[in-house]
1. Please find the FRET efficiency linking Asn70 to Lys3, where r is the Cβ-Cβ separation and R0 is fixed at 35 Å, and quote it to the nearest 0.05.
2. Taking the Cβ of Asp40 as the centre, find all other residues whose Cβ is under 14 Å away and add up their charges (Lys, Arg: +1; Asp, Glu: -1).
3. Which aspartates and glutamates does Lys23 reach when only Cα atoms under 13 Å apart count, and residues fewer than 8 places away in its own chain are ignored?
4. What shape does segment 33-75 have by the C-alpha gyration tensor, where a ≥ b ≥ c are the square roots of the eigenvalues, rounded means a/c under 1.5, and otherwise prolate means a/b greater than b/c and oblate the rest?
5. Taking only C-alpha pairs under 8 Å that are 6+ residues apart, what is the relative contact order of segment 2-103 in percent?
6. Applying 1/(1 + (r/R0)^6) with R0 = 30 Å to the Cβ-Cβ distance of Glu82 and Ser104, what FRET efficiency is obtained, to the nearest 0.05?
7. Calculate the tail of P(r) for the chain: the fraction of all Cα-Cα distances greater than 20 Å, expressed in %.
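The numbers here are math on the coordinates, done by the rules we state, and not lab data. The structure presented is a predicted model; accordingly, all values stated were derived computationally and were not measured. So basically every Cβ, Gly included, is an ideal-geometry build from the backbone, and we count neighbours across all protein chains shown.
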Amino acid sequence: MDKIINEKRNKLNNIIKECDIEKLICFYQDNDALMDNINDSNYDVLSNAISFGLPLNFIESIINLFSYSNFDYEVPKNIFAETITPAVYSLLLSRSDVCSLLIS
């Protein structure tokens, strides 16, 4: 199962890097049953989108599609190797636009 989840995460990362919302929606629909395993405490779609520098409208789409409602959690395996929330993570990556969205 871990191998399948890792493959799905890699595919999801590629879709996120491409910034293709249609592919992202299709991926989500095709893998709905696995989403709790894919997007968990070891991997976070939102923080990856932030770290890849995606546009704000794409990040908003991720928040809506993946039903994020709480942003008070630790960003897993972040590049700063610190316990930080997505809002702080976005500030450290100079993404004040994302931080504003997350705290509004």
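1. 0.75
2. Overall, the nearby charge balance is -1.
3. Reachable aspartates and glutamates: none.
4. prolate
5. Relative contact order comes out at 23 percent.
6. Values: r = 24 Å, r/R0 = 0.79.
With a Förster radius of 30 Å, E is 0.80.
7. Values: 1834 of 5356 pairs.
More than 20 Å apart: 34 percent of the Cα pairs in the chain.
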